[in-house]
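Right, one structure below, let's go through it.
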């Protein structure tokens, strides 16, 4: 267990260093950082001094170490486009994205898992077949198109819900959408847009796992022992599908953060994704680097949590494989 | 009659007969093969599923429209000279003000939406196919090596795959674009945009191929036919290519199909975000993006028709992939 | 061992049967028509009775079990007949009622104990859940009952182990847990579907003993489904022989096994190799059981039957009573004939059957003739090569001490240590499994040497070391006196590899499903560049196919078009393609049905004779080994414990392990003589016992055995690695009486 965690931590660290290295390369080798800091009419001496003060003349490892040290403290420098410290810009927008992702993840799991279990258990019922076909449409619909369609229907034609922005937010330690009516109204469409694709994926995955487990010998044996359907399905089968489902859920949250970029663009949701997209269009390197590091950090964190959850579910991982019985 | 079974009863068992069958020609063998295919379970499950047949028809239609566009499209939307602002923002033909020359209406530049969809689909399909092939070659190759060689190399490839998998495709593609945008001079960006797009989408989906192929390879590698080949003294590369590869292609085909749909969607998404193909070669995503600006002012056809075409194509390909998976996996039936 | 409570036996016939199956028919609708998997079968099981249901794979025996307990997998369905349990019809019960019946009144045991238990729950959880589903018990009472059950099925330290997870138990122990689960609600009938097939022979003996004891104690009836006649002979009171979904013969086990009447049963019994007798050829039933799609009209066995009459091909025989048994065969329909046939069957022992001997001779000459024909028809360059090789083999076979393969001090370790970090933080130790531990043997040219032992003893590893699939960690392998590890130059080593080939166990995995048979057989020829030109290769392929009893036209087909036995013939053809002198056979028949196994064994024997092959034969089946080999080595946990000629080692085994193994084999003769009960399980190879690996299970253990690894001692033409043997304190082989100091865990 301890060794496992240490190994995972070590791997996470490696990933972070690799990502940090990419971000650092963005900074230093892509485009000339001095050019970005001083005006075009600066003299060579001014440039020299700038480079010196930025530490650009130091050996490479020293520069990387400095970058890493700053990054750990959350210091990524100034945004070229916004002219504010990057960490401030991100701190301002992080809650918007996290709330959106949280609501979408909750929705996709709360709806996707039961639907998956249902379609797995009753795989030949008409409702299952209908759900499966609909889920294929869900997978075939690009997120941005879902957003556009939802806006068209609920904002333009029906005029029920706002089509863009966060609406009214309340400060509860951060700016939140989840405590005011207007805020909730505003988050419905973006969250729905974001969750739909993931929902279909979760549902199809749970179904596939369920079918796989239902074919195993221990399920057959459980039936042969006369256990109730309820016990067989929800006691024995469902628990065995949990491990892969948790893996995928972890990956889904990562996906949600990425797809939030699209949703935020469609709904002009002032989150990190929108910030990142604008940064790409304006070649705002510090913001790109910071976003990259932050997202990588979130992924690594999720993966760690997922690994720990495995341990609580699967006894085969918890106890060494020592075989008694001699 | 020991050692006799029905095979022998039919044929007395001489080499001459085998030779005669041989000279019977390739035609007979081709007929035999066709017959075998038509009689096969896979074809049977295809015939028995009307929805799959329909999906196949839609996919075929999309292909014909896309790659026949230069010949069958009503207008050549790539030719700016033919555009006339007088024809801008015409609605589809069944609405008031519609024009029979522009069945699905026109955009703000006077471009025929139907023709634009056909050409756009061509771009979407090319990018989709190219990126899937790229991902397939990369993923299958790495998966084969990883699974067959094992050990540290396997460990390394799979760790990289893990990391890659935790970065979703859209994000990878966006990052690559950010990179390309900063590295490449402005003039070159449009020229290589499609290549970058293919590379980005392909790079983000190789993991699925690699994992599947690795898993199957590890199973196949321990099967006795592979060991038999090793006993004969065959080298690893021929074993991988001649023995293992044909036996792991089933799931690869399924993933490729599903990934084609995914690649088309990803391409559209990136183009929609404005980081995809250059505006001079609009894909379906680009069309939707342009149209989106006019959505609120009531010119919905500029968005909805390309969007419908995109979903129809993706759905058809997905349906085919779904059917293929069930057909190749008899356990599920 | 045939101790059955007489009380139960007599009471059984008086009481109403526990289970009555009448004209049961199970169908599978498919797109090519409806398959009838179980076709009009009837039988009954009395209280306390063990009914064996025996048959080859696909005979419909498992489906019968599944149909009774209501667990047929869709689209399979009961299409006709009735099933009565304790006089009440159960095939028409609703799902809920059927569920309440399962586990409570009818329980089931499956084949593979490793997959039968849910890995995520403790044994206690699964037991308590089952108990409380059926019996009105508190959690605490159920737990107490669970521990009692575990104790009853012979799990030591049950009170503690009840809270462990399935993966913490060995395979044999898991099967005991499965049995405990089946017994949890005291059912009246247990359907055991191949309960010992996945287990080693010594564990199998223990599980059989356990099942028998429990049934007697609880008065439970058992329907024992198996392919193994030996298990039936050990366990059952009556036996039903199934063939192609029908019952061929049913009756008291003595009658059916010792005096089989139906030609199929008769042939089946004759095709089983015997542990205590040398036979030149096994009785052979040609062909294979028909696929469900092509069951012939009339008697399903008629195409394979040597005594088929015109009626057999057109009309299906019903089960007719003959003496104590019932037989479905036209030979037994007429009264006078019946008398003659059954008498003859009862009088004649299986092996001394003159018919069988005649058939053997036929089989022998036929294959030889055909092979000769082939050889003369072959192209000239093939002839030349044949002569060359045959010439060489002949000279080598002249000297009796001509050793072709010599293995000395051979060792192979597998490092299965946990990763470094686990070792540092969790105190994990470096662990190395010695899969093969200093093994010595030699194989004389033209002879068959067999390695035998239970799973994990390292016999397959030895085979793989010799063919070069693994590299040895120590020791030497010499081929014609040349150390394989010291041969430089790829060409030369390839030249030697060409002369040794391997035949594998699983006929379904050993042929590439995507290749045509002709390409599969040609692979060694093409890879080694042995023949030039398509014509020559094609001719050789045709020759090989005929040699193994297939048709040259079969070359165009794909492996999936063949049955298991035919595939194994293809494997043999491939192995022979490069004209090897040395053939390594790794359990080549253990995945095959008995009748098909007989075909393959006969084929291998005659091919070996004809081509002068030297063979290394790997098997866990002692009877097969006895039948096929000249010399036998017995392995236990990586070490060779005994090495002698085949007759000696089985007629008078010396090493205590060989003796135990020999006595664990089910007694097909049903002599009922006393045997050494099997003690304990094979220890984990990860942590083998010190000194002699066998000492914890050995009845002759002394202090020295725990300390010191025994060296091989040669005496009377055999090598035995045992201190007791060396010191001469082993009792003579035949009078081995169970020692009081060693107790069976039962």
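Per the conditions (1) in contact (Cβ under 8 Å) with a residue 12 or more places away in the chain; (2) surrounded by 16 or more Cβ atoms within 10 Å (Cβ to Cβ); (3) in a helix (DSSP H, G or I), the sole criterion not satisfied by residue A:167 is (3).
The condition of being within 14 Å of chain B (Cβ to nearest Cβ) and out of contact with any strand residue (DSSP E or B) (no Cβ under 6 Å at 6 or more places or on another chain) holds for residue C:291. Is it the case that residue C:197 is under 28 Å from the mean Cα position of the chain (by Cα), more than 9 Å from chain A (Cβ to nearest Cβ) and surrounded by fewer than 17 Cβ atoms within 10 Å (Cβ to Cβ)? Taking the combined requirement at face value, the residue satisfies it.
Taken as a whole, the structure leaves residue C:516 outside the set of residues that are over 25 Å from residue B:226 (Cα atoms) and at pLDDT 90 or above. For segment C:454-468, the criterion of being in contact with a helix residue (DSSP H, G or I) (Cβ under 7 Å, 6 or more places away or on another chain), modelled with pLDDT of 75 or more and part of a helix (DSSP H, G or I) is met by at least one residue. Using the structure shown, decide if residue A:257 is modelled with pLDDT under 90, under 23 Å from residue A:303 (Cα atoms) and facing another protein chain (nearest Cβ under 9 Å). Yes: the conditions hold for residue A:257. For segment C:525-539, what are the residues that are within 8 Å of chain B (Cβ to nearest Cβ) and in contact (Cβ under 8 Å) with a residue 12 or more places away in the chain? Answer for segment C:525-539, where residues must be within 8 Å of chain B (Cβ to nearest Cβ) and in contact (Cβ under 8 Å) with a residue 12 or more places away in the chain: C:528, C:538, C:539.
Taking the listed residues B:246, B:279, the one that is at pLDDT below 85 and either away from chain C (no Cβ under 14 Å) or closer than 30 Å to residue B:45 by Cα (or both) is B:279, with no other qualifying.
This table checks each residue for (1) surrounded by 16 or more Cβ atoms within 10 Å (Cβ to Cβ); (2) in the same structural domain as residue C:233 (by TED's automatic domain parsing); (3) part of a loop (DSSP other than H, G, I, E, B); (4) in contact with a helix residue (DSSP H, G or I) (Cβ under 8 Å, 6 or more places away or on another chain).
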site: C:53; (1), (2), (3), (4): yes, yes, no, yes
site: C:56; (1), (2), (3), (4): yes, yes, yes, yes
site: C:66; (1), (2), (3), (4): yes, yes, no, no
site: C:79; (1), (2), (3), (4): yes, yes, no, no
site: C:93; (1), (2), (3), (4): yes, yes, yes, yes
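Given the condition over 24 Å from residue C:17 (Cα atoms), assigned to a helix (DSSP H, G or I) and modelled with pLDDT under 90, answer yes or no: does some residue in segment C:106-114 qualify? Scanning segment C:106-114, I find at least one residue that is over 24 Å from residue C:17 (Cα atoms), assigned to a helix (DSSP H, G or I) and modelled with pLDDT under 90, so the answer is yes. Restricting attention to segment B:101-113, the residues being buried (at least 24 other Cβ atoms within 10 Å of the Cβ), out of contact with any helix residue (DSSP H, G or I) (no Cβ under 6 Å at 6 or more places or on another chain) and not in a strand (DSSP E or B) number 1. Can you spot a residue in segment C:603-614 that is farther than 25 Å from residue C:731 by Cα, part of a strand (DSSP E or B), in the same structural domain as residue C:720 (by TED's automatic domain parsing) and in contact (Cβ under 8 Å) with a residue 24 or more places away in the chain? Yes; the residues of segment C:603-614 include at least one that is farther than 25 Å from residue C:731 by Cα, part of a strand (DSSP E or B), in the same structural domain as residue C:720 (by TED's automatic domain parsing) and in contact (Cβ under 8 Å) with a residue 24 or more places away in the chain.
Determine if segment B:234-242 includes at least one residue that is within 14 Å of chain C (Cβ to nearest Cβ) and outside any helix (DSSP H, G or I). The answer is yes; a qualifying residue exists. Return yes when residue A:249 is in contact (Cβ under 8 Å) with a residue 24 or more places away in the chain and either outside any helix (DSSP H, G or I) or away from chain B (no Cβ under 12 Å) (or both) and no when it is not. Answer is yes for this residue. Look through segment C:540-567, keep the residues that are touching a residue at least 60 places away in the same chain (Cβ under 8 Å) and within 19 Å of residue C:504 (Cα to Cα), and return whichever of them is farthest from the other protein chains (Cβ to nearest Cβ). Among them, the one singled out is C:564. Within segment C:109-137, being within 9 Å of chain A (Cβ to nearest Cβ) and closer than 13 Å to residue C:176 by Cα holds for C:109, C:110, C:111, C:112, C:114, C:116, C:117.
For segment B:299-333, the tally of residues that are at pLDDT below 80, within 9 Å of another protein chain (Cβ to nearest Cβ) and either farther than 22 Å from residue A:143 by Cβ or not in a loop (DSSP other than H, G, I, E, B) (or both) stands at 2. Evaluation of residue C:42 against the conditions (1) at pLDDT 90 or above; (2) buried (at least 21 other Cβ atoms within 10 Å of the Cβ); (3) farther than 30 Å from residue C:160 by Cα; (4) more than 11 Å from chain A (Cβ to nearest Cβ) shows that the sole unmet condition is (2). For residue A:32, the criteria (1) under 30 Å from residue A:195 (Cβ atoms); (2) modelled with pLDDT under 75 hold in every case but one, which is (1).
When C:66, C:16, C:11 are screened for being at pLDDT 90 or above, out of contact with any strand residue (DSSP E or B) (no Cβ under 7 Å at 6 or more places or on another chain) and under 26 Å from residue C:219 (Cα atoms), only C:66 passes.
As a summary of the residue check, residue B:190 satisfies the conditions (1) at pLDDT 80 or above; (2) surrounded by fewer than 23 Cβ atoms within 10 Å (Cβ to Cβ) except for the one numbered (1).
Residue B:159 satisfies every condition listed in (1) within 30 Å of residue B:268 (Cα to Cα); (2) within 14 Å of chain C (Cβ to nearest Cβ); (3) crowded, with 21+ Cβ neighbours inside 10 Å except (3). Candidates A:232, A:306: the one that is surrounded by fewer than 24 Cβ atoms within 10 Å (Cβ to Cβ), in a helix (DSSP H, G or I) and away from chain C (no Cβ under 14 Å) is A:306. Please tell me if residue B:210 is touching a strand residue (DSSP E or B) at 6+ places or on another chain (Cβ under 8 Å) and crowded, with 23+ Cβ neighbours inside 10 Å. No: the conditions fail for residue B:210. Under the condition of being touching a residue at least 40 places away in the same chain (Cβ under 8 Å) and within 11 Å of chain A (Cβ to nearest Cβ), the residues counted in segment C:146-162 number 2.
The values are calculated or read from the model by the stated rules, or taken from the named source; none is laboratory data. None of these values were measured; they are calculated from a predicted model. Backbone-built Cβ (ideal geometry, glycine too); neighbour counts: all protein chains shown.
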